[in-house]
Amino acid sequence: MLALMTNEPEQQFGVGAPDAFQRLWTPHRMAYIQGENKPTGPGADDGCPFCSIPAKSDEDGLIVARGERVYAVLNLYPYNGGHLMVVPFRHAADYTELDEAETAELADFTKRAMRALRAASGAHGFNIGMNQGATAGAGIAAHLHQHIVPRWGGDTNFMPVVGHTKVLPQLLSDTRKMLADVWPAV
């Protein structure tokens, strides 16, 4: 028998006492929380995802652009839509370990990432930075990576504040293509 359509939200048991809030489930975040795909040690051969991503196709690795020494890749667990990272190909944990050419290309790719995000999505501002070491918040401390997080006026609404949930309106593969298409022009 078909259930009657109502305007009442489906009651889901096991989520605590009913409190009039609907729940948005983000089960993909559990993989990150549980450490899936995180390195087992500090070496390049210890399962470092930043060392294995370049061997994939750009589409499969979510790579937006490749340089000689660094590449730009979408964050698999983004803080905001279009969240990019610039990553050296060489496995290095600390910013001071980069040589001059790597440092220069990392800076150039950061600027190009900002231009691409402005061109593709009209970003109003950016959070840019590196977390050096696990105690500083680096999810993968063994391989340096710089975050470029686009921001828009009003992009923080009630969802992250009340629901502790970030709503991303686009698939990562679509975001990758959009940014890769504008990258050569920036």
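Side notes on the structure shown:
- Of the residues making up the range 81-104, just one is within 23 Å of ALA185 (Cβ to Cβ) and surrounded by fewer than 19 Cβ atoms within 10 Å (Cβ to Cβ), namely ALA104.
- Filtering the range 114-139 to residues that are in contact with a helix residue (DSSP H, G or I) (Cβ under 8 Å, 6 or more places away or on another chain) and either among the hydrophobic types (A, V, I, L, M, F, W, C) or open to solvent by less than 40 Å² (accessible area, probe 1.4 Å) (or both) leaves ALA116, LEU117, ALA119, ALA120, ALA123, PHE126, ILE128, MET130, GLY139.
- Among the strands (runs of 3 or more DSSP E) confined to the range 82-151, the ones with at least 2 residues that are in contact with a Gly (Cβ under 6 Å, 6 or more places away or on another chain) are located at 146-151.
- Restricting PRO54, PRO39 to residues that are modelled with pLDDT of 80 or more and open to solvent by less than 50 Å² (accessible area, probe 1.4 Å) narrows the list to PRO54.
- Within the range 53-65, the set of residues being touching a Phe, Trp or Tyr at 6+ places or on another chain (Cβ under 8 Å) and over 19 Å from VAL182 (Cβ atoms) comprises ILE53, PRO54.
- Test set (1) part of a helix (DSSP H, G or I); (2) free of Cβ contacts under 8 Å to residues at least 40 places away in the same chain; (3) open to solvent by 60 Å² or more (accessible area, probe 1.4 Å); (4) within 21 Å of TRP183 (Cα to Cα) - GLU68 fails condition number: (1)
The values are calculated or read from the model by the stated rules, or taken from the named source; none is laboratory data. Only a predicted model underlies this, so the values are computations on that prediction, with no experimental measurement involved. With ideal geometry, Cβ positions are generated from the backbone for all residues, glycine too; neighbour counts draw on all protein chains shown. SASA here: full protein model, heavy atoms, side chains in, ligands and nucleic acids out. Shrake-Rupley method; radii C 1.70, N 1.55, O 1.52, S 1.80 Å.
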